[in-house]
1. Scan the strands (runs of 3 or more DSSP E) fully inside the range 258-367 and keep the ones with 1 or more residues being closer than 21 Å to residue 197 by Cβ and in contact (Cβ under 8 Å) with a residue 12 or more places away in the chain.
2. Working only within the range 151-181, note down all residues that are of a type in the set (Val, Ile, Thr) and away from the ligand (no atom under 12 Å from the Cβ).
3. Looking only at the range 153-210, how many residues end up being of a type in the set (D, E, K, R) and in contact with a strand residue (DSSP E or B) (Cβ under 8 Å, 6 or more places away or on another chain)?
4. Failed condition for residue 82, given (1) assigned to a strand (DSSP E or B); (2) within 16 Å of residue 145 (Cβ to Cβ); (3) touching a Phe, Trp or Tyr at 6+ places or on another chain (Cβ under 9 Å), with all others met?
5. Run down 113, 185 and say which single residue is over 30 Å from residue 254 (Cβ atoms), within 16 Å of the ligand (Cβ to nearest atom) and buried (at least 22 other Cβ atoms within 10 Å of the Cβ).
6. Can you work out which of the residues in the range 140-192 that are of a type in the set (Ser, Thr, Tyr) and closer than 21 Å to residue 352 by Cβ is nearest to the chain's Cα centre (by Cα)?
7. Output the qualifying pairs, or none if there are none: Cβ atoms under 6 angstrom, residues six or more apart or on different chains, first residue in the range 375-393 and touching a residue at least 60 places away in the same chain (Cβ under 8 Å), second residue of a type in the set (Phe, Trp, Tyr).
8. Suppose the filter is surrounded by fewer than 24 Cβ atoms within 10 Å (Cβ to Cβ), touching a Cys at 6+ places or on another chain (Cβ under 7 Å) and at negative phi; does residue 170 pass it?
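The values are calculated or read from the model by the stated rules, or taken from the named source; none is laboratory data. What you are looking at is a predicted structure, and each value in this text was computed from that prediction instead of being measured. Counting neighbours? That spans all protein chains shown, and the Cβs are built from the backbone with ideal geometry, glycine included.
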Amino acid sequence: MRELEAELGVTTLDTSGYRLALAQFERAADRIDLDPNLRGRLRVPQRALAVGVPVRMDDGSVRTFHGFRVQHDTALGPSKGGVRFHPAVTMGEVAALAMLMTWKCALVGLPYGGAKGGVRCAPGALSRPELQRLTRRYTAEISPLIGPERDIPAPDVGTDAQTMAWMMDTYSQQVGYAVPGVVTGKPVSIGGSLGREEATGRGIVYTILELLGRLNISVASSTAVIQGFGNVGAHTARLLATAGVSIVAVSDSKGGIHNPQGLNIDEVIRHKKSRHTLQGYPEATPIVNEDLLELPCTMLIPAALGEQITGANASRVQCRILAEGANGPTTMEADQILRDRGIAVIPDILANSGGVIVSYFEWVQDLQKYFWKETEIHTRLRDILSTAFRTVWDLSLREKTDLRTASMMQAIGRIAQAHLDRGLYP
Ligand code: GLU
């Protein structure tokens, strides 16, 4: 019975992640006095699709997985957002992440709405052929919703460039010709963009440098603690170290490593690549994830999953800056505690927007069939992020509010204006 409940429960919106996304929305909506009709509309997704994904396993059996694609809003253009493969995926979590994508794209001025997809699975426990079959069947099931002018998936937790290549191929086989613009975060060989893989990490570093400048904190004397050493965490660590920040601790899902003198990040990356774990790295002491979040540092960067900084540990974190590499890592309760303690939070929709910004560049290049140099990608990314940061910073000073509320006010304001200009159909 409990198992059945757990299985059927995957399609409800009422999850902790969705309640968090809603609460953040309501807080900012109150501040801008959002039209109540629009508020009602934006509280729920525009479209949500739940699919059964039957997959032939290597042992010959067939297992059906739960998959989702949610489009939160499409007022500004086609919807955009990643696909997550993780055991905790539910409709509610995917819908929450889709809502965040709407705000993220609007905040940095991309002509996109927000979407997200996911399949409830443990990708690490599947073989590569099983993963390929799962990805292709999932793509076929959501194909009525996606397309370069409709909804453009990208990588997220548990998916990567290979996943996107399989999605692009499946969609292209269905229509009969290559459609690179149907997904972003693809390999460069099939229309991917230079600089996309490290883009989220690069964006996090750019926003941190902007904030350090505003707060008059010197880069060279700064230390960082990073939770998560996947695509986002590892690139953030590497680029922060290059900028001169000392990385004192990093972790993955199995645990972390700590060295107050600073870790050699290139060595750590090599170790993780060859051993598939951080454990056993020689020049550091092991540390569990909960303790890692409470280490003294200039900047703490949760770059793994949601709801990591909570009412239980927010009073014990010892950073001056919290940069949200992950989506939704801070609960409402924690957010209030951090505000009261004067810790500056760079919210997810700003801090980690580098990924979707370079996804936008990739899509533009695919549509134009004209590809840019890597330096051009970096320059344009930095330009968009410094403009967005300045807008948010100035608004937060003007409104005497924190960076999250200012970011949300700006983003929701843009979406609201688009809805009001388009009018209500019919
Ligand atoms: N999954 C990433 C995010 O949460 C990137 C999405 C995209 O590039 O479309 O922002």
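1. By residue number, 299-302, 321-323.
2. Correct list: 170, 175, 179.
3. Looking only at that region, the number is 1.
4. Among (1) assigned to a strand (DSSP E or B); (2) within 16 Å of residue 145 (Cβ to Cβ); (3) touching a Phe, Trp or Tyr at 6+ places or on another chain (Cβ under 9 Å), residue 82 violates only (3).
5. 113
6. Per the criteria, the residue is 159.
7. Final answer for the pair search is 377/361; 382/206; 385/206.
8. No, not satisfied.
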